[in-house]
Amino acid sequence: MGLFSSPASLDWIVVFLGNPGPRYQGTRHNAGFLTADACEKDTGALLRKVRFHALTDRISLAGNQVLLMKPQTCMNLSGDAAGEAAAYFKVPPERVIVVSDDVALPVAKLRVRRSGSAGGHNGLKSVIARLGSDRFPRVRIGVGAPPHPDYDMADWVLGVFRDQDAADMAAAAERAWEAVKCYITDGPERCMAKYN
């Protein structure tokens, strides 16, 4: 029995958004990948198997079969991975949890939602386009806003966390993974009440 032998046996997909490669490691835009690291540490998962344009692994959470994904496209094409996996396993958008950064939230603050717009986030835009719906849960991790309105947003999100922000984000990534687990095992209402 292989990792992907039974398309019908999957309950959830968790997509951690980020940009692949060492150049982007530790950047604000890679808060999702940071959460994937926390997931691996917590569960023993190894997101190594390449499938659906992503590094993947599969775990069980309270009897739920969960596919973990780190898309290996650029951020703007993250939906390619999420869309292909959801279609293959016939997982509805309501069971595709996306973890991403959010410049509208203070550093390390979490926000869990059952659905919503992309809010200007290109990775979320891509997921919405490929799933054909914005009704998928998301765990957003605050990375803070640029220091002034004229600051280039691309430079900001591709900047690296420093000092206390780096420590706060590592802790936030662990909480974000706990929120994902809570969403799957306890449901959206309890998760949002606990983590928002």
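The values are calculated or read from the model by the stated rules, or taken from the named source; none is laboratory data. Note that the coordinates shown come from a computational prediction; the quantities given were computed from them, not determined experimentally. Cβ atoms come from the backbone with ideal geometry, glycine included; neighbour counts cover every protein chain shown.
Observations, loosely collected:
Conditions tested, residue by residue: (1) more than 14 Å from L34 (Cβ to Cβ); (2) free of Cβ contacts under 8 Å to residues at least 40 places away in the same chain; (3) in a helix (DSSP H, G or I).
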| residue | (1), (2), (3) |
| --- | --- |
| A129 | yes, no, yes |
| P146 | yes, no, no |
| A166 | no, no, yes |
| M169 | no, no, yes |
| E174 | no, no, yes |
| E189 | yes, yes, yes |
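- Count of residues meeting criterion [crowded, with 19+ Cβ neighbours inside 10 Å and not in a loop (DSSP other than H, G, I, E, B)] in the stretch 151-164: 1
- Criterion (among the β-branched types (V, I, T) and farther than 30 Å from D163 by Cα) met by exactly one of V107, V66: V66
- Qualifying residue in the stretch 67-77 (condition: at pLDDT below 95, part of a strand (DSSP E or B) and closer than 16 Å to P137 by Cβ): no
- Scanning the stretch 8-59 for residues that are surrounded by 20 or more Cβ atoms within 10 Å (Cβ to Cβ), part of a strand (DSSP E or B) and either out of contact with any strand residue (DSSP E or B) (no Cβ under 6 Å at 6 or more places or on another chain) or not small (G, A, S) (or both) yields W12, I13, V14, V15, F16, T27, L55, T56, D57.
- Residues (touching a Gly at 6+ places or on another chain (Cβ under 8 Å) and of a type in the set (V, I, T)) located in the stretch 122-176: V127, I128, I141, V160
- Contacts under 7 angstrom Cβ, first residue in the stretch 81-101 being closer than 14 Å to G123 by Cβ, partner of a type in the set (K, R) and assigned to a helix (DSSP H, G or I), 6 or more apart: A82/R130; G83/R130; D101/R28
- Single unsatisfied condition, S100 versus (1) under 24 Å from P22 (Cβ atoms); (2) assigned to a loop (DSSP other than H, G, I, E, B); (3) not charged (D, E, K, R): (2)
- Scanning the stretch 154-178 for residues that are farther than 12 Å from G144 by Cβ and among the charged types (D, E, K, R) yields D155, D163, E174, R175, E178.
- Being of a type in the set (D, E, K, R) and in contact with a strand residue (DSSP E or B) (Cβ under 9 Å, 6 or more places away or on another chain) holds for only one residue in R130, R114, and it is R114.
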